[in-house]
Amino acid sequence: MLVCAVVSAIGAITAVTTQSRPHVVLLDLKWQSENRDALHLISTLKEISPQPRIIAVSADDRLLRAAKDSGADMLLGKDFSKQQLLDAIRGPDSATVVPLCAKTETPAMESGSEFRDRLRALQPGYTDARAYETLMAEIIPFVFGAHLQDFQTQVRHGHGGEVWDLAGFNKSSYAIWETFRVVHKSSQVIFEFKNVDSVSPRHVLQLADYVSGSFLNVGLLVSRSKPKTAVLRKLSETRTKLGCVLLWLSDCDIEAMLDVRANSGEPSDILASRYSEMMRC
């Protein structure tokens, strides 16, 4: 098995494929800010002679279905194994190959169930605080990975004086993420994880300090339960004062997102509803 080329710019893929004439093109759909460009590329590559087999890879089941409609020969969801990848590259005669008609929802459902069980096993408080942060740093990319990229944990900022639990780069064209990026001018989104039953106004002010930047105006406060009335009021007041987006998510929201993700829906729509609630306050 020989790797002919590794290409990061979508505009160069057709030329490189024509020149190197590979048997297989492995195309990661999620790195495209405009997913329709990658889908159009699949149709273009199928016109090349000799025609390469195209393996489409994505954590988003909707993109995989669209890739199938565009002519992809094989689909791989987020949770494929190394052996499945090798078999897919080697060809349809391999014993454990993941075929085009394979249901991509199954791995997502299994992972969602696993995440849910791990979350419910953790108790609010100091003892499980680190485990909670670690788990949420896995769940957030799982539910939002189709829209946010280059996730980093424990990001030091402001000469090391600030430590963000999780940050993701926002290049998505999906409605709510595009709103964050274009309307609120935030190419970065940060998440603060608090393993407590009830966050306090102090937690709100901490998050507000983090999102007062020229490229960072969106922050999400993730904790175990819905904030109390005083905290919701503080979120609204701080948002209005700073002109930023401060949202909250609880265990109920996270579990709902996992369910939506497992059923090939869009978890971001739950976030969009929370944003709409905030804007009405």
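Among the residues of region 118-146, just one is of a type outside the set (A, V, I, L, M, F, W, C), touching a strand residue (DSSP E or B) at 6+ places or on another chain (Cβ under 7 Å) and under 20 Å from ASN263 (Cα atoms), namely PRO141.
Among the residues of region 173-196, those that are surrounded by fewer than 23 Cβ atoms within 10 Å (Cβ to Cβ), in contact (Cβ under 8 Å) with a residue 40 or more places away in the chain and polar (S, T, N, Q) comprise SER173, THR179, ASN195. Meeting the requirement of 1 or more residues that are assigned by TED's automatic domain parsing to the domain that holds HIS147 and closer than 22 Å to LEU63 by Cβ, the strands (runs of 3 or more DSSP E) wholly within region 163-281 are 188-194. Selection of region 197-237 for residues being surrounded by fewer than 20 Cβ atoms within 10 Å (Cβ to Cβ) and among the hydroxyl-bearing types (Ser, Thr, Tyr) yields SER198, SER200, SER212, SER214, SER225, THR229, SER236. Considered as a group, the residues in region 187-205 that are more than 16 Å from the chain's Cα centre (by Cα) and more than 17 Å from ALA129 (Cα to Cα) include one that is modelled with the lowest pLDDT, and that residue is LEU205. Kindly indicate whether any position in region 161-169 is in contact with a Gly (Cβ under 8 Å, 6 or more places away or on another chain) and at pLDDT 85 or above. No - not one qualifying residue is present in region 161-169. Across region 18-53, the number of residues qualifying as modelled with pLDDT of 80 or more, within 27 Å of the chain's Cα centre (by Cα) and among the acidic types (Asp, Glu) comes to 1. Going through (1) closer than 26 Å to ALA131 by Cβ; (2) modelled with pLDDT of 90 or more; (3) out of contact with any Leu (no Cβ under 9 Å at 6 or more places or on another chain) one by one, VAL183 falls short only on (1). Look at region 234-250: where a residue is farther than 19 Å from GLN188 by Cα and a partner is charged (D, E, K, R) and part of a loop (DSSP other than H, G, I, E, B), sitting 6+ places away or on another chain with Cβ atoms under 6 Å, you get SER250/LYS226. Pairing each residue of region 114-126 that is modelled with pLDDT of 95 or more with any residue that is in a helix (DSSP H, G or I) and surrounded by 14 or more Cβ atoms within 10 Å (Cβ to Cβ), provided the two are 6+ apart or on different chains, yields C-beta distances under 6 Å for LEU122/ALA131; LEU122/TYR132.
The values are calculated or read from the model by the stated rules, or taken from the named source; none is laboratory data. Please read these numbers as outputs of a predicted model, since none were measured by experiment. Quick reminder, even Gly has a Cβ in these numbers, built from the backbone with ideal geometry, and neighbours come from all protein chains shown.
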